[in-house]
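Just so you know, all these numbers are worked out from the coordinates, no wet-lab data involved. Values in this document were obtained by computation on a predicted structure and should not be read as measured data. Here the Cβ positions follow ideal geometry from the backbone for every residue, glycine too, while neighbour counts run over all protein chains shown.
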Amino acid sequence: MTDPHFECECRQALTRRHFFGRTATGIGAAALASLLNPRLFSASLDRDPKTHSLIGLPHFAPKAKRVIFLHQSGGPAQIDLFDYKPQLHTRQGTELPDSVRMGQRITGMTSGQSSLPVASTMFKFSQHGNNGAWLSELLPYTGKVVDDIAIVRTVNTDAINHDPAITFIQSGSQQHGRPSMGAWVSYGLGSENENLPSFVVMVSQTSGLNTDQPLFSRLWGSGFLPSSYQGVKFRSSGDPVLFLSDPPGMEREGRREMLDSVAELNRMRAATFGDPEIETRISQYEMAFRMQTSVPELMDFSKEPEHVFDLYGPEARKPGTYASHCLLARRLIERGVRFVQLYKRGWDQHNDLPRDIALQAKATDQPSADLIQDLKQRGLLDDTLVIWGGEFGRTVYCQGRLTETNYGRDHHPRCFTMWMAGGGIKPGVVYGETDDYSYNIVKDPVHVHDIQATILQCLGIDHTRLTYKFQGRYFRLTDVAGEVVKPLLA
């Protein structure tokens, strides 16, 4: 039975007096909104009708069309994986020299220790590839693709704790509320597939035994950009995307009629208030309707040949694992998804590092490396940019008690290692040098803003020109900093 109050409101909306009254109010609201934010009224005019990218983007010919960011949440220990320091074995258990630390801040977790003893890695290193890159025995598969990747050993960040550090590398600011990198890319370049989101996020199951750092949805949020550019999180159980399935008893034709009616109501509301979020809501409903067909096909791995599962490893068939997410990332970019963000938790090894880093490496090394192999075999690596790395590194000194078989490491923002591969990146490069303790950078520092500027450069975007006006200021991913790392570019 129809609500009588709703019927009354509908009849009232059709009267001539009410029409002119609402129109006058709407014009005033629209005029005020246009003064506060002119972009609201230019959004439909400054976008390519096919890709929905901003007119004028890319700024120059891109080398990469899409991005897969393999974020290793918690801070992988560069000393145990990439930054080989053989001389530390002779300094095992000695005090970290003041001349190395130079009074630099440390976290509250180790600031109370009476000693900061040097802990060399327990793992063996060997050289790989044409350039003789040193890699830990924990990364045998990465060793096979080392000539296809660029290893950057001198990445550094401003933050020393997880929440601000991961927010910083994902959004360019330690403060919450800024758009994520994926949202910036989606906003600037649009989508290549109208039936899937341009920005997809996946959080993989843990592999270590220690407690994981939490992850928050704001890390893939759109901040002050329209919410249509936020990441869509794919789940590992149930519906891949929440509320994607029709309710019991709802036929697809009925769903279509319902969405058409809701869209009409929303358009009436948008015409009155000029709120772009209403248009976003309409487009999101339509995307969800199309995803009801595209997502089941995407998630159906049955047509993948056996050799593909062998390539990604034994966990590739298990939903929610890092291996299955790497395979799904390839399937997503094949279908035109612009930015795929994977999060692998479990790298925060303040204690029991030898045990947990081995578990993490076992779960991530083969899928990460063979994602490169898979993309290369399919001709997709040339225009797909792949990034691997965490929010910071780990200290050379031990957190807690140092023994012959065990140690932990604290957070270290001064230097850590990431690698990049694919579209626009020079393969087979080892860039930057750290001191004998992997504590300070001695050559070719690369700030987080530099990494972000370089990623945008590969996508054909000048990081200083992709901006959005908010609260009277033009913001960008790299804030007021960042330099493209030209030696990394192909």
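Here are a few things to note about the model shown:
- Length released on extending from residue 98 to residue 307, taking residue separation times 0.36 nm less the Cα-Cα span: 69.9 nm
- Helix axis angle, 353-377 relative to the chain longest principal axis, alpha carbon, degrees: 60 degrees
- Placing a label point 7 Å from the Cα of residue 355 along the Cα-to-Cβ direction, the residues of region 107-126 with a backbone N closer than 19 Å are 121-123.
- Taking a Cβ cut-off of under 9 Å around residue 78, the surrounding Lys, Arg, Asp and Glu residues balance to a net charge of 0, with basic ones at +1 and acidic ones at -1.
- Residues of type lysines that residue 85 reaches as a straight line, Cα spacing below 19 Å, ignoring anything fewer than 8 places off in the same chain: 124, 443
- Within the chain, the longest run free of GluC sites (Glu not before Pro) that sit in a DSSP loop with at most 16 other Cβ atoms within 10 Å is 252-403.
- Treating r as the C-beta distance of residue 237 and residue 268 and R0 as 41 Å, the FRET efficiency rounds to 0.60.
- Environment charge at residue 99 (Cβ cut-off 13 Å; Lys +1, Arg +1, Asp -1, Glu -1): -3
- The trypsin sites (Lys or Arg not before Pro) of region 44-83 meeting both criteria, a DSSP state outside H, G, I, E and B (loop) and at most 11 other C-beta atoms within 10 angstrom of the site's C-beta, are 50.
- Label-zone membership for region 289-324, site residue 253, 7 angstrom Cα→C-beta point, backbone N under 13 Å: none
- Mean ellipticity per residue at 222 nm, deg cm²/dmol - from DSSP H runs of n ≥ 4 across the chain, formula -39500 (n - 2.57): -10500 deg cm²/dmol
- Overall size of region 244-349 from C-alpha positions, given as principal axis extents largest first: 55, 36, 25 Å.
- In this rough spin-label picture, where each label sits 7 Å from Cα along the Cβ direction, the residue 362-residue 433 distance is 3.7 nm.
- Cα pair count fraction exceeding 44 Å, expressed as % - the chain: 20 percent
- Using R0 = 22 Å, the C-beta based FRET efficiency linking residue 331 and residue 50 works out to 0.45.
- With respect to the chain, whose longest principal axis is taken over its alpha-carbon atoms, helix 4-13 is tilted by about 80°.
- Shown is the FRET efficiency for residue 443 and residue 245, computed with R0 = 35 Å from the Cβ-Cβ distance and rounded to the nearest 0.05: 0.05.
- For the chain, the longest principal axis of the C-alpha atoms and the axis of helix 448-458 are separated by about 60°.
- Restriction of the trypsin sites (Lys or Arg not before Pro) in region 357-390 to DSSP coil positions whose beta-carbon has at most 15 other beta-carbons within 10 angstrom yields 378.
- Counted by Cβ distance under 13 Å from residue 139, the other residues give a net charge of -2, where Lys and Arg count +1 and Asp and Glu count -1.
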